[in-house]
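We did not get these values from a lab; they are worked out from the coordinates using the rules stated. Predicted model only: the values in this text are computed from it and were never measured. So basically every Cβ, Gly included, is an ideal-geometry build from the backbone, and we count neighbours across all protein chains shown.
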Amino acid sequence: MATVLIIGSGGAGLTAALSAHEAGVHVIVASKTFPTRSQTSMAQGGMNAVLDDNDSIENHIADTLKSSGGLGDEVQIATMCKKAPDAVRWLNSIGMPYSRDKNDEIARRRLGGASAPRACYAQDYTGLKLLHTLYDQCLKAHIEFKNEYFLLNLIVDEETNRTLGATFLNIPTGEVEEIRADAVIMATGGYGYLYGKHSTNSVQASGDGIACAIRAGAKLADMEFVQFHPTALLSSSILISESARGAGGHLLNAKHERFTDELAPRDVVARAIHDEMESGGAVYLDIRHLGEEFIAHELPQERKLAQIYEGIDPVSDLIPIKPAAHYSMGGIEVDSQCQSSVSGLFAVGECANHKTHGANRLGGNSLLELSVFGRECGQNAAHFGVNNPAPALENPQYAKDANFIRGVMYFTKQIDFYQKQEMLANIFYNNVGLVREDMGLKAVLGAIRQMQKELPFMGPRDTNKEYNTNLVEFIEFGNKVELAEIIVVCAISRVESRGAHYRVDAPMRHDSQFGAHTITWKEGGVLCADFIA
């Protein structure tokens, strides 16, 4: 039994863990992988904060609102931007190794959509170094970790709509276990790997926490908004950071001509690249003019990735790139206290929707959001848990999940779910990607609903109990299919273009009809959706 159970051990989960621990409560962090393998490690560009008089918090707020396409909550955005300097300084105080400028101050660079250089960075390894710093502090604080615990479902008392904990598959043993808690924080990341090889995300980003949350009665918001990063490597979809363009990199078409403002918001740049590739066949990122010394010092990871995955050296060669699914703006709807519509269930990071990103996230705001709201979420969950201890109620969720794990081994396995998973990724990239239209979206929805019917004819072929990753991947696939339906239903309903959601059959933005959030929830297992301001 914990006061606060945190599910997910990326930057958001670890920040919340430290904050809850500082509040003096017992914290358990459960995660399907190890903390240093989380998606946070792939964030490269930086973390926005106004640290001097050459910029202003008002400008940071304005840039974020503009990027959000009219769906950002001004109060939440203002809270995040105002607390950004303290968040950066707090991380600096616990050992975050920021790069330094000539005055030995925290170095900053300008990212796309920003009116000033305010992204505080650590070379092009910002997320990785942030993650290691936080994990070191958690180990120092003796916070309890349960690694390789795969989330199955939340335990909820339906009479009171109160979360009591969660059930997990202990991957090493194959046993189903429950962890009870007074408060639960979901910090499981986004759903970008639904796009498979067309995503910059790791295979871990399967949206498990979001799928569990809606099954447990929580509401989701803005699930149709998926950000496509403009510059992923052509062959592998490995991310090439916005820091390369922030440092002065150019985007070139097949004729080696510049064709767009490299530091426009990501949705604008990604669509410009898409259109250029449709007409000309190739787009490149050019950083050759920055020089080998600069690249070696400021962009060492970008050079290494291009060498490994494309076989080219950016010091002398153009980098072939394409847009790829990168960030989930949608997620679990939370209030100003980071609490969902289920009592005692909190959410933070990419799995949550704090309404700070709206229709399109501003580059440099993801690490900021998880830092600011991670600290608040940990404190709020600790306070809730202390003042509202969970009752020791019997709950049928453990038995249901244990029976499912036993029963899934007897699924017929007539259909290879890996093939269906690849198919889902491909049709999503082609029809629920950068450019969408009604007919394509409805065709994808039909394919998803067919997959839902076919799930009992799939299943894991590995029947071993211990370390059954085949089983884990099948359950992940089920979560992806569940979220895929929600994303497509929302995208069909939003008959306009806004931020990362662009429809060729409805290219204009319509604030009077669609200037609201797409809210989804389930009643009796049936998906419901509405636009709510």
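Cα extents for the range 397-532 along the principal axes, largest to smallest and rounded to whole angstrom: 54, 30, 23. May I ask for the distance between the Cα centers of the range 478-533 and the range 11-65, given as a whole number of Å? So the separation of the two Cα centres works out to 27 Å. For a test of the definition: using alpha carbon positions, the gyration tensor, and the 1.5 limit on a/c, classify the range 478-521 as rounded, prolate or oblate. Here the range 478-521 falls in the prolate category. Percent antiparallel among DSSP beta bridges with both residues in the chain, to the nearest 5? Restricted to the chain, the bridges split so that about 70 percent are antiparallel. Distance from the Cα centroid of the range 392-423 to that of the range 158-188 is 16 Å (rounded to whole angstrom).
Once you order the gyration tensor axes a ≥ b ≥ c over the Cα atoms, which shape class does the range 229-323 get: rounded for a/c under 1.5, otherwise prolate or oblate by comparing a/b with b/c? It is prolate, given that a/c is not under 1.5 and a/b is the larger ratio. In the chain, one over the average inverse separation of all distinct C-alpha pairs is 23.2 Å, which is the Kirkwood hydrodynamic radius. For the pair Y309 and A443, the difference between a 0.36 nm per residue extended length and the Cα-Cα distance amounts to 44.9 nm. Reducing the range 244-296 and the range 297-349 to their Cα centroids gives an inter-centroid distance of 18 Å. Each residue in E292, E178 was given a count of other beta-carbon atoms within 10 angstrom of its own, and listing them fewest first yields E292, E178. Amide H to amide H, with H built 1.01 Å from N, G165 comes under 5 Å of I155, A181, counting only residues 5 or more places away or on other chains. Across the range 276-371, the relative contact order, built from alpha-carbon pairs under 8 Å that are at least six residues apart, equals 21 percent. Percent of C-alpha pairs per 10 Å bin in the range 380-441, short distances first: 16, 19, 20, 23, 22, 0. For the chain, the relative contact order is 21 percent, taking Cα pairs closer than 8 Å that sit 6 or more residues apart in sequence and dividing their mean separation by the residue count. With the simple model of a label 7 Å out from the Cα in the direction of the Cβ, V495 to K82 spans 4.1 nm.
Gain on full extension, evaluated as 0.36 nm per residue between D104 and D462 minus their Cα-Cα distance, stands at 123.4 nm.
Neighbour counts of other Cβ atoms within 10 Å put C377, C528, C212 in the fewest-to-most order C528, C212, C377. Using the beta-carbon distance between V435 and Q301 and R0 = 35 Å, what value does 1/(1 + (r/R0)^6) give for FRET efficiency, to the nearest 0.05? Efficiency for this residue pair is about 0.70.
Arranged from fewest to most other beta-carbon atoms within 10 Å of their beta carbon, I332, I448, I532, I475 become I532, I475, I448, I332. Treating r as the C-beta distance of T412 and D335 and R0 as 35 Å, the FRET efficiency rounds to 0.20. For the range 1-122, the Kirkwood hydrodynamic radius from C-alpha pairs, put into Stokes-Einstein at 20 °C and a viscosity of 1.002 mPa s, yields a diffusion coefficient of 132 µm² per second. The phi-based Karplus calculation (6.51 cos²θ - 1.76 cosθ + 1.60; θ = phi - 60°) puts the 3J(HN,Hα) values of the range 474-487 at 5, 5, 4, 4, x, 5, 4, 5, 4, 6, 4, 4, 5, 4 Hz, whole numbers, x for Gly and Pro. FRET efficiency for the pair K66 and H383, taken as 1/(1 + (r/R0)^6) with r the Cβ-Cβ distance and R0 = 51 Å, rounds to 0.90.
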